[in-house]
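Student: Can you read through this structure? Questions will come right after.
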Amino acid sequence: MEESILSVSSERAERRKVNPSKKFVKSAYVKSLREYNKIYNESVKNPAKFWGEKAKQLHWFKKWKTVFKYSKKPFVKWFEGGKINVSYNCLDRHLTTWRKNKAALIWQGEPEEDSRTYTYVELHREVCKFANVLKRKGIRKGDRVCLYMPMIPEIAIAMLACTRIGAIHSIVFGGYSAESLRKRIKDSEAKMLITADGSLRKGKPMPLKDKADSVLGKCRSVKNVIVCKRANIKVKMNKRRDFWWHEEMKDASPFCKAVEMDAEDPLFILYTSGTTGTPKGVLHTTGGYLVYVYQTTKWVFDLKDDDTYWCTADVGWITGHSYIVYGPLANGATSLMFEGVPTYPEPDRFWQIVEKYKVNVFYTAPTVVRALEREGKKWVDKHDLSSLRLLGSVGEPINPDAWNWYYNVIGKRKCPIVDTWWQTETGGILITPLPGAMPLKPGSATMPFPGVVPAILKEDGSEAAANEGGDLVIKKSWPGIGRTVWKNPKRYIDVYFSKFPDYYLAGDAAKKDKDGYFWIMGRIDDVVNVSGHRIGTAEVESALVSHKTVAESAVVPMSHEIKGQCLYAFVTLKRGVKKSDKLKIELVKHVARVIGHIAKPEKVQFADALPKTRSGKIMRRILKAIVEGKKDVGDTTTLADASVVKTLIREKEK
Ligand code: WTA
């Protein structure tokens, strides 16, 4: 089992409690632990009643027949018989209320002077127009549309347009390589690609269309490409296949009826790393996902109509899907989207934006907090952050030091921090404080969202005692659960429902303390959490061995001060290849080319041999121990050649 990168287990951490202020509690949706317990107990006793009531807040063309049932375990159906449309709920539903002229999306570009605000009426108009563009290009209900785009409003418009006509979007994070894009297009058989000439990164244009072009020849399913202008990069346009966004939009009609979708119709596919070299296409469906992100956004962020809410994630990740676009818009909120990075042009960019837009609720990742803490308080002090009332954290455990800085320096000791635990597969937040209800324990994601029943299991399937570590599972289904792995239901069962067939296996280790607080301790599989991004070590290994000089490789996690974890690669070169620092750099670049920058190993160590069992299996446990500098690397008796370990320790990269 992976060990925690944090020392969250200390008893002192468990005893420390931070209460929300009276002022915060006064306006909160859920105001006390007692109230939470009451809601929670009822939700678990009668989930159909609880979720049925929440679902009623949304617009259904036709009401569901059953809230929840298993089709064939573990495959589940929520709100079967119901007809609903996500785009309708995120837009049209607000147009008959005072919210029609409320800001739906505020976009801040990387250059300070680039910003745009869309009211609900305006966003609706753009979405309808683009939905008509999609239709004109032959996109129909059930077709897959791949998005490979920068953080510009058009990505949200494209998502909502897809959902309006029932097309299934599959977003590929703009930082992924062309090869990663190709794999995902191929697996989903996308009919269309929506991209941009390029994105801006610290003032520099970075190509996207060019990258896509390098693989589009191999993507037979793609019939059309729509290209947004963003970075002023010259691109080649294939006359029959490629079209400019702005030209297509010119004469598109702003009227487009939202398609009545079955609650269980597919909504989107999002690829995430797993334990093999092939990423999993997690499939989310329509009704349950929307109900789940709607309700979690409302309660976890305690979102009110006059809030300006900012989630700093990229839309290419699940956090961006659920908590920049769908959750906030379903609530009629004002959602801020930022194109740039936290440290450009200066390390106060985030705080400058908070001040500029008077952000009230701010949701980011621990890696960002740590990076900005390192830049120093002086960058924070330049700005008036008094608008903030709630802070959030996602992606990895937040270490006590970062928690304290976030709480004291950013939140000025008046903003609760919601440490939200969830995954691509869960659709929305599962373990989290409701900020007016729970005393916080820094480092703990606290308690389950109503309707969610987590447990910690030991290897034999029995429940762990208080403070005993084990596998985190979810015992009951919830509306936001990913329904399958695209085209691979067997993998869905194998990964999530085979170790403990009745429960959803999260792949994280965790423990629950005496007060019922959950402490997440890190992944149990070969997935590494680099700056909150999930990267499968198998994927990186297969990228490395695809280089002509590499015979074999093993990639393991290493603790990293800012990123939480990073990748350490052991590489065995082919016979006759000369070891050199230049080659190390080339290998790192190669990984960036094959997967993307986020997957670059921090360190590369050449190894003439790797520790293997007699049957040839690489002993990663030993490699992890070496990387973490442990004196005792554990039992080496099953190794074919135990002397290998000594060499690896001696030659370890500093
Ligand atoms: C980790 C991101 C501790 C965890 C929403 C999980 C966390 C993986 C937390 C999912 C948290 C996410 N505390 N660990 N608050 N949030 N994780 O699919 O290991 O990109 O399994 O979804 O991130 O990453 P994913």
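Throughout, read-outs are computed from the coordinates displayed, never taken from laboratory work. As the structure is a computational prediction, the values presented were derived from the model and not from experiment. Virtual Cβ from ideal backbone geometry, glycine too; neighbours counted across all protein chains shown.
Student: At a 10 Å Cβ-Cβ cut-off, how would you order M438, M206, M149, fewest neighbours first?
Tutor: Values: M438 23, M206 16, M149 27.
The order, fewest Cβ neighbours first, is M206, M438, M149.
Student: So how far, in whole Å, is the C-alpha centre of segment 311-384 from the one of segment 416-435?
Tutor: 17
Student: Find how many whole Å separate the alpha carbon centroid of segment 562-632 from the alpha carbon centroid of segment 258-298.
Tutor: 34
Student: If you don't mind, there's one more thing I want to ask. Go through segment 139-151 residue by residue and turn each phi into a ³J(HN,Hα) via Karplus (6.51, -1.76, 1.60, θ = phi - 60°); whole Hz please, and just put x for glycine and proline.
Tutor: Using θ = phi - 60°, the values come out as 7, 10, 3, x, 5, 9, 10, 9, 10, 9, 9, x, 7 Hz.
Student: Let me ask you something else. At R0 = 25 Å, how high is the FRET efficiency between E53 and D502 if r is their beta carbon distance? Nearest 0.05 is fine.
Tutor: So, using R0 = 25 Å, E works out to roughly 0.40.
Student: At a Förster radius of 41 Å, what calculated FRET efficiency corresponds to the Cβ-Cβ distance of K102 and K458, to the nearest 0.05? Present the calculation step by step, with values, prior to reporting the outcome.
Tutor: Details: r = 50 Å, r/R0 = 1.22.
Efficiency for this residue pair is about 0.25.
Student: Normalising by the residue count of segment 523-650, find the relative contact order in percent from Cα pairs under 8 Å and 6+ residues apart. All intermediate terms of the calculation are to be shown ahead of the outcome.
Tutor: Numbers: 202 pairs, mean separation 26.7, N = 128.
Normalised by residue count, the contact order of segment 523-650 is 21 percent.
Student: What number, rounded to the nearest 500 deg cm²/dmol, is the helix-based mean residue ellipticity at 222 nm of the chain, given -39500 (n - 2.57) per DSSP H run of at least four residues and division by all its residues?
Tutor: That calculation yields -8000 deg cm²/dmol at 222 nm.
Student: Taking the highest mean first, how do the peptides 345-353, 150-158 order by number of other beta carbon atoms within 10 angstrom per residue?
Tutor: In decreasing order of mean packing, 345-353, 150-158 become 150-158, 345-353.
Student: Please report, in debye to the nearest 20, how large the charge dipole of segment 523-650 is about its Cα centre when each Lys and Arg carries +1 at its beta carbon and each Asp and Glu carries -1 there.
Tutor: 340
Student: Once you've got the Cα coordinates, tell me which of K141/K490; K441/K512; K129/K250 are over 20 Å apart.
Tutor: Cα-Cα > 20 Å for K141/K490; rest within.
Student: If packing is taken as the mean number of other Cβ atoms within 10 Å per residue, what is the order of 190-199, 542-551, highest first? Before the final figure, lay out the partial values.
Tutor: Working: 190-199: 25.1, 542-551: 17.9.
Sorting 190-199, 542-551 by mean packing, highest first, produces 190-199, 542-551.
Student: Would the chain count as rounded, prolate or oblate if I go by the C-alpha gyration tensor, calling it rounded below 1.5 in a/c and otherwise prolate when a/b exceeds b/c, oblate otherwise?
Tutor: The shape class here is rounded.
Student: Would you order T66, T312 from fewest to most other beta-carbon atoms within 10 Å of each residue's own beta-carbon? Walk me through the intermediate numbers first.
Tutor: On the way: T66 13, T312 22.
With the fewest neighbours first, T66, T312 line up as T66, T312.
Student: Measure off 7 Å from each Cα along the Cα-to-Cβ vector at E346 and K514, then give the distance between these two points in nanometres to one decimal.
Tutor: 4.9
Student: By a straight-distance test (C-alpha under 13 Å), which aspartates and glutamates pair with K584 as possible cross-link partners, with residues fewer than eight away in the same chain excluded?
Tutor: Here the aspartates and glutamates satisfying the reach criterion relative to K584 are E602, E653.
Student: Need the list of lysines near K49 for cross-linking: C-alpha distance under 20 angstrom, and skip anything on the same chain fewer than eight residues off.
Tutor: K38, K62, K63, K65, K69, K77, K83, K298, K475, K476
Student: Tell me the relative contact order for the chain as a rounded percent, counting alpha carbon contacts under 8 Å between residues six or more apart.
Tutor: Dividing the mean separation by the residue count of the chain yields 14 percent.
Student: Per 5 Å bin, what is the whole-percent P(r) computed from every C-alpha pair distance within segment 393-547?
Tutor: The percentages, shortest bin first, are 2, 9, 16, 20, 20, 15, 9, 6, 3, 1, 0.
Student: Hey, another quick one. Stretch R34-E112 to full length: gain in nm at 0.36 nm per residue minus the Cα-Cα span?
Tutor: Result: 23.5 nm gained on full extension.
Student: Pop a pseudo-label 7 angstrom from the Cα along the beta-carbon direction at both K69 and K22 and give the gap in nm to one decimal.
Tutor: 5.2
Student: Something else about it: To check you understand DSSP bridge types, tell me what percent of the beta bridges within the chain (both residues inside) are antiparallel, rounded to 5.
Tutor: Antiparallel bridges make up about 60 percent of those DSSP assigns within the chain.
Student: Give me H284, H321 sorted ascending by neighbouring Cβ count inside 10 Å, so fewest comes first. Don't skip to the end; give the middle numbers.
Tutor: Numbers: H284 29, H321 26.
Sorted ascending by nearby Cβ count, the order is H321, H284.
Student: Using the Cα gyration tensor of segment 523-650, with a ≥ b ≥ c the square roots of its eigenvalues, what is the shape: rounded (a/c below 1.5), prolate (a/b larger than b/c) or oblate (neither)?
Tutor: Oblate, because a/c is 1.5 or more while a/b does not exceed b/c.
Student: Run the numbers for K617 and K356: contour at 0.36 nm per residue of separation, minus the present Cα-Cα distance, in nm.
Tutor: Extra length from K617 to K356 when fully extended: 88.5 nm.
Student: Which listed residue (I39, V369, A258) has the Cα farthest towards the positive end of the charge dipole for the chain, taking +1 on Lys and Arg C-beta and -1 on Asp and Glu C-beta about the Cα centre?
Tutor: A258
Student: Could you tell me which of the pairs K17/K511; K202/K582; K186/K487 are separated by over 22 angstrom between their Cα atoms in the structure shown?
Tutor: Among K17/K511; K202/K582; K186/K487, the Cα-Cα distance tops 22 Å for K202/K582.
Student: With a 10 Å radius around each residue's Cβ, average the other Cβ atoms per peptide and rank 365-373, 464-472, highest first.
Tutor: Packing order, densest peptide first, comes out as 365-373, 464-472.
Student: Full extension from T647 to E586: what is 0.36 nm times the residue separation minus their Cα-Cα distance, to one decimal in nm?
Tutor: This chain segment gains 19.6 nm when fully extended.
Student: Now, a different point. For a Förster distance of 25 Å, can you work out the FRET efficiency between the beta-carbons of A609 and K630, rounded to the nearest 0.05?
Tutor: The pair A609/K630 has a calculated efficiency of 0.80.
Student: Quick test of your reading: applying the under-4.7 Å Cβ rule, which cysteines of the chain are isolated?
Tutor: Taking the Cβ cut-off of 4.7 Å, the unpaired cysteines of the chain are C90, C146, C162, C219, C228, C311, C415, C566.
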